[in-house]
Amino acid sequence: MCGIAAVFNSTGRAAPLDLDSMAHRGPDGRGEWVSPDGHIWLGHTRLSILDLSPSGAQPMHDEETGNVIIFNGEIYNHQALRDEMKDAGVKWRGTSDTETLLAAYRLWGDAFTDRLRGMFALIIFDKARNRLFASRCPAGIKPLYYGTFGGSLRFASEVRTLMGAMPRKCSRTGLSSYLQWGSCPENDFIFAGVEMLPAGSNMIVNADGTTAIHRYWPAARYRRISADAAPLEVRKLLERSVEEHLLSDVPVASFLSGGIDSSIVTAIAARAIGKRRLQTFSVGFPYQEFDETSVAAEVARRYGTDHHRIEVADEEAIVLVQEAVEKMDAPSVDAINTYIVSRKVAQQGIKVALSGLGADELFGGYPSFRDAGKLRIISAVPKMIRQWFSGFGKIGARLADLPSGDITAMAIWRRRHWSDEMLREAGLPIAPLQLAAPPQLHDSFAKISWAELSVYMRHMLLRDSDQMSMAASLELRVPFLDRDLIEYVLRLPGREKTRYPGVKGLLVNACRDLLPRNVYDRPKMGFTLPMDVWMRGPLKEFKAAGLREMESLGLIAPEAIERLRARFYKGEIHWTRLWSLVVMGHYLKKAGNTASLAASEVASAA
């Protein structure tokens, strides 16, 4: 795992970006390269995972073509790709997947990304065509921001590196989008001019500065499926994915919460490692209503893992909450849990850890899979009547905004944080969310999966997992987001994913023999910090400081902030609605040179 950055200036010399700003992404080394004409600069910070020798360092050159690559991520099928290239006479210098990517681009051109299974964001300087080629993995696990600043096109793994000392001006639609969804969508960041290369896309930057983006995934390459063999096929694909995610020249550990997903990943990984003992980690908090670490310990005993239960006291957790907000490269209403766990595990000397993220989206672990159909029925009620519901508590107020549309729209709506009314009161526009066109999906289950994968997971969970684990110099791997597994499960008929009892029944049926009964035969617990209580107590001043910053910037009507604060104390809104403003206030204060919206702009939007 690494940090990458690039600058392209078609008319002048490319000025380097500050690699120190993302040293946490790659504390083991760094490198820079400048094109002969000076128009292109490439930079890289390295967290050494594969090929720890100098032959794995980046930027990496292809001596045969003169091409140069910078790459963030891991390619889990890179050895299989090397086997494919045996007859091409490729001479390997080392064992890194970065070198595999250079050779694959040389042999297969732009289409090589369609052969990759892994998590990645990469940029290649193509010497023969005098251009840049950038790409991002299908699931969007790794970020790649870009934008034109100071006359140069810039790319970076993090926003702080991308923008450097450039003035930051808040985008009104970006602020609206953040408050609606609790995070910044790919196509509408909080700062004007900042964009993210869409997941599953390639971008070409020509010598004259023109650009073109091509979406290579989703693609019509789905293989024929046999629904009757679904549990066996899911198990086979998942086992292959976990085993490939163990590819590393440093030890790989596993997050083990005690839930279904992390327990399955841990079980398969422990079996694959064999005589070596897999290190597993669970983090416990004294205030949890249900401590799942005892269940995690049972799974650890069953597979003989080297298990560590890390206890986090209240006082330390409160400090870490504030530290997590300080570390955010992109604002998020969530992310705190991931930072705490990543930081505590990294302190144990771990560089790579497996996570169960992605299973809920594929196999139906969220309430949206059970209530989106009901919401679609309610959406048929005229909006005037639904607005009358607003007097019946939190749920009634939200139903007033329920859109009309198919079940995908219902699943997306369910992820909203701020309502239309809240945005109007704040003097902000209601920014529509643009969802990438899905593959051909035949039933409601798959459409809800696509919505969860494309919105909540990609915009929040994966962004948070990347920024918070990387803040601790930890590489987080997500075997459930293997491309072949995603494509297979999405294409399965919904009846095959609901024919088995319980939440995520197909997954449990496929892996039941791996799990102690009390892992799957109990309600899904999940875990959240007692933020509501802390915001009224030990985090009260931190909360107030964030809100004061928002008031001073003039981005939101002051009376709207006061009204939101009052509603929080009355228990009329979920704590995340106010916390999103707290996070944004601290985030913008750290940005330092943020230009606020003019008061006239705020008033005109009301």
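The values are calculated or read from the model by the stated rules, or taken from the named source; none is laboratory data. Remember, predicted model here, so these are calculated numbers, not experimental data. Here the Cβ is made from the backbone with ideal geometry for all residues, glycine too, and neighbour counts use every protein chain on show. Just the protein is used for accessible areas: all its heavy atoms, side chains included, with ligands, DNA and RNA removed. Shrake-Rupley method; radii C 1.70, N 1.55, O 1.52, S 1.80 Å.
For region 526-537, check the following and say yes or no: at least one residue is part of a helix (DSSP H, G or I) and either touching a Pro at 6+ places or on another chain (Cβ under 7 Å) or buried (at least 21 other Cβ atoms within 10 Å of the Cβ) (or both).
The answer is no; no qualifying residue exists.
Return a yes/no flag: does region 179-190 have any residue that is more than 30 Å from Glu421 (Cβ to Cβ) and either in contact with a Ser or Thr (Cβ under 9 Å, 6 or more places away or on another chain) or not β-branched (Val, Ile, Thr) (or both).
The answer is no, given that none of the residues of region 179-190 is more than 30 Å from Glu421 (Cβ to Cβ) and either in contact with a Ser or Thr (Cβ under 9 Å, 6 or more places away or on another chain) or not β-branched (Val, Ile, Thr) (or both).
Just give me the residues in region 161-191 being over 25 Å from Phe120 (Cα atoms) and among the aliphatic types (A, V, I, L, M), in sequence order.
Ala165, Met166, Leu175, Leu179
Quick check on this structure: which one of Leu485, Leu555, Leu547, Leu507 is open to solvent by less than 10 Å² (accessible area, probe 1.4 Å), in a loop (DSSP other than H, G, I, E, B) and not β-branched (Val, Ile, Thr)?
Of Leu485, Leu555, Leu547, Leu507, the one residue that is open to solvent by less than 10 Å² (accessible area, probe 1.4 Å), in a loop (DSSP other than H, G, I, E, B) and not β-branched (Val, Ile, Thr) is Leu555.
Which numbered condition in (1) within 14 Å of the chain's Cα centre (by Cα); (2) of a type in the set (S, T, N, Q); (3) open to solvent by 10 Å² or more (accessible area, probe 1.4 Å) is the only one that Ser332 fails?
(3)
Could you list, ordered by first residue, the pairs with Cβ atoms under 7 Å in which the first is in region 8-31 and without any contact (Cβ under 8 Å) to a residue 40 or more places away in the chain and the second is crowded, with 16+ Cβ neighbours inside 10 Å and aromatic (Phe, Trp, Tyr), at least 6 apart or interchain?
Pro16/Trp41
Working only within region 120-137, note down all residues that are assigned to a loop (DSSP other than H, G, I, E, B) and either surrounded by fewer than 24 Cβ atoms within 10 Å (Cβ to Cβ) or out of contact with any strand residue (DSSP E or B) (no Cβ under 9 Å at 6 or more places or on another chain) (or both).
Selection gives Lys127, Ala128, Arg129, Asn130.
Just a yes or no: is a residue in region 46-58 touching a strand residue (DSSP E or B) at 6+ places or on another chain (Cβ under 9 Å), surrounded by 22 or more Cβ atoms within 10 Å (Cβ to Cβ), modelled with pLDDT of 95 or more and of a type in the set (Val, Ile, Thr)?
Within region 46-58, not a single residue is touching a strand residue (DSSP E or B) at 6+ places or on another chain (Cβ under 9 Å), surrounded by 22 or more Cβ atoms within 10 Å (Cβ to Cβ), modelled with pLDDT of 95 or more and of a type in the set (Val, Ile, Thr).
If I ask for residues that are closer than 16 Å to Leu47 by Cβ, outside any loop (DSSP other than H, G, I, E, B) and aliphatic (A, V, I, L, M), which ones from region 334-353 would you list?
Val345, Ala346, Val352, Ala353
Hey, among the residues in region 9-27 that are open to solvent by less than 50 Å² (accessible area, probe 1.4 Å) and closer than 19 Å to Pro143 by Cα, which one's farthest from the chain's Cα centre (by Cα)?
Leu17
Scan region 354-364 residue by residue and report those that are outside any loop (DSSP other than H, G, I, E, B) and closer than 16 Å to Gly258 by Cβ.
Scanning region 354-364 gives Leu354, Ala359, Asp360.
Condition check ((1) surrounded by 24 or more Cβ atoms within 10 Å (Cβ to Cβ); (2) touching a helix residue (DSSP H, G or I) at 6+ places or on another chain (Cβ under 9 Å)) across all residues:
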{"position": "Leu81", "(1), (2)": "no, yes"}
{"position": "Ala111", "(1), (2)": "no, no"}
{"position": "Arg115", "(1), (2)": "no, yes"}
{"position": "Ile141", "(1), (2)": "yes, yes"}
{"position": "Thr148", "(1), (2)": "no, no"}
{"position": "Arg160", "(1), (2)": "no, yes"}
{"position": "Cys170", "(1), (2)": "no, yes"}
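Across region 263-289, what is the total count of residues that are open to solvent by 10 Å² or more (accessible area, probe 1.4 Å), closer than 20 Å to Thr528 by Cβ and touching a strand residue (DSSP E or B) at 6+ places or on another chain (Cβ under 6 Å)?
Residues flagged as open to solvent by 10 Å² or more (accessible area, probe 1.4 Å), closer than 20 Å to Thr528 by Cβ and touching a strand residue (DSSP E or B) at 6+ places or on another chain (Cβ under 6 Å) within region 263-289 amount to 1.
Just name the residue that is farthest from Gly585 (Cα to Cα) out of those in region 173-199 that are open to solvent by 10 Å² or more (accessible area, probe 1.4 Å), touching a helix residue (DSSP H, G or I) at 6+ places or on another chain (Cβ under 7 Å) and not hydrophobic (A, V, I, L, M, F, W, C).
Taking the candidates together, the pick is Glu186.
Against the conditions (1) among the acidic types (Asp, Glu); (2) under 23 Å from Ser454 (Cα atoms); (3) outside any strand (DSSP E or B); (4) in contact with an Asp or Glu (Cβ under 9 Å, 6 or more places away or on another chain), where does Asp114 fall short? Just the number, please.
Tallying (1) among the acidic types (Asp, Glu); (2) under 23 Å from Ser454 (Cα atoms); (3) outside any strand (DSSP E or B); (4) in contact with an Asp or Glu (Cβ under 9 Å, 6 or more places away or on another chain), Asp114 fails exactly one: (4).
Here is a check on your reading of the model: is Ala437 among the hydrophobic types (A, V, I, L, M, F, W, C), at pLDDT below 95, under 15 Å from Ser368 (Cβ atoms) and surrounded by fewer than 23 Cβ atoms within 10 Å (Cβ to Cβ)?
no
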